Amino acid sequence: MTKIRTLIVDDEELARKNLEFILKDVCPQVEVVGVAANAKAAKKKIESENIDLLLLDIEMPNGSGFDLLESLEGQIDFKIIFITAYHEYALRAFKFSAVDYLLKPINSDELQAAIAKVQPGQDVESKEKIDTLIENISKKGGVMNKIALPSMEGLQFVELDDVIYCESQDNYTQFFLTDGKRIMVSKTIKHFEELLDPDRFFRVHRSNIINLRYIDKYVKGEGGYVVMKQGARIPVSRRRKEGFLQLFQLQ
């Protein structure tokens, strides 16, 4: 069994010991090669140890987990799983940025599932993914500007203002962008309905979510349809018509 060389970073000694205990119990493939209580100590460990995985607490005194990552020079050549007690808004930032995270207190089943996805020597975190997370999590009011989309080519980072609409393709979702590009994503449209800001995006049909800023006009009918500024015609289902018109106080 190939061991996953792991560094644990958390300012609370009890939390570090508890995490080590759970790893030893349910993740025999993990080898804890070091622990650190702050960003400065963690950086030294990272520079001296060849690690495959960083289990990183975010909120720490004298430098957060993000401060640690920003201090590292060059490409991050290991996998990161964030450990957080953050509130719901911050969790949306993790989902938008396609990073792995675990909530405190640590659940052994969730930890085991997260570790099972780690491939030593293959899993690394791209700088763009981390930058996207830091950008999203720093936004006031929970407004996200960028989303990481897992496509066949890998992660593609897209400004939300560049998304005209999304269309369901069975268990996939296709994104239509302002520059004419299309991105097929390996997640369902329901996933994005729950993730995207309802003040900016609206699911007008079981197959479509639209960016409200790109609506050109609404054509009445049994359900009717919207014409997007780039010319696409998107149907509005009968059961979603009322909620859609309420957005514009047109009832």
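Couple of notes before you dig in:
- Once the Cα gyration tensor of segment 145-247 is diagonalised, semi-axes √(5λ) in Å: 23, 14, 12
- Neighbour-limited loop hits for trypsin sites (Lys or Arg not before Pro), segment 25-129 (at most 16 other Cβ within 10 Å; DSSP other than H, G, I, E, B): Lys117
- Here the spin labels are modelled as points 7 Å beyond Cα on the Cα-Cβ line, and at Gln246 and Glu13 they lie 5.4 nm apart.
- 5 angstrom amide H check on Arg5, placed H, neighbours 5+ away: Glu31, Asp52, Leu53
- Among Met152, Met184, sorting on how many other beta-carbon atoms sit within 10 Å of each Cβ, with the fewest leading, yields Met152, Met184.
- Taking θ as phi - 60° and the Karplus parameters 6.51, -1.76 and 1.60, the scalar couplings of segment 162-170 work out to 8, 8, 7, 7, 10, 9, 6, 10, 6 Hz in sequence order, x denoting glycine and proline.
- Close amide-amide hydrogen proximity is noted between Met60 and Gly65, each under 5 Å apart and 5 or more residues distant or on a separate chain (H modeled in the peptide plane; Pro and chain starts excluded).
- The label-point distance for Asp179 and Asp77, in a model that sets each label 7 Å from Cα toward Cβ, rounds to 3.1 nm.
- Principal-axis tilt of helix 39-48 within the chain, Cα atoms, nearest 10 degrees: 70 degrees
- Legend: residue pairs Lys104/Lys190; Lys95/Lys187; Lys3/Lys95; Lys127/Lys187; Lys43/Lys104, Cα-Cα distance threshold 21 Å; pairs beyond threshold, Lys104/Lys190; Lys3/Lys95; Lys127/Lys187; Lys43/Lys104.
- Relative contact order for segment 145-247: 18 percent, from Cα pairs under 8 Å spaced at least 6 residues apart, divided by residue count.
- C-alpha long axis of helix 88-97 to longest principal axis of the chain, angle in °: 90 degrees
- Separation in nanometres of the label points that stand 7 Å from Cα toward Cβ, at Asn107 and His191: 1.8 nm
- Close amide H contacts of Ser207 (hydrogens built in the peptide plane, cut-off under 5 Å, sequence separation of 5 or more or a different chain): none are found.
- DSSP-defined antiparallel bridges as percent of all bridges, the chain, nearest 5: 60 percent
- Computed from Cα positions, the angle between helix 238-247 and the longest principal axis of the chain comes to roughly 80 degrees.
Read-outs: derived from the displayed coordinates by stated rules, not from any lab. Quick caveat, the model's predicted, so the values are computed rather than measured. Every residue, glycine as well, gets a Cβ built from its backbone with ideal geometry; the counts of neighbours run over all protein chains shown.
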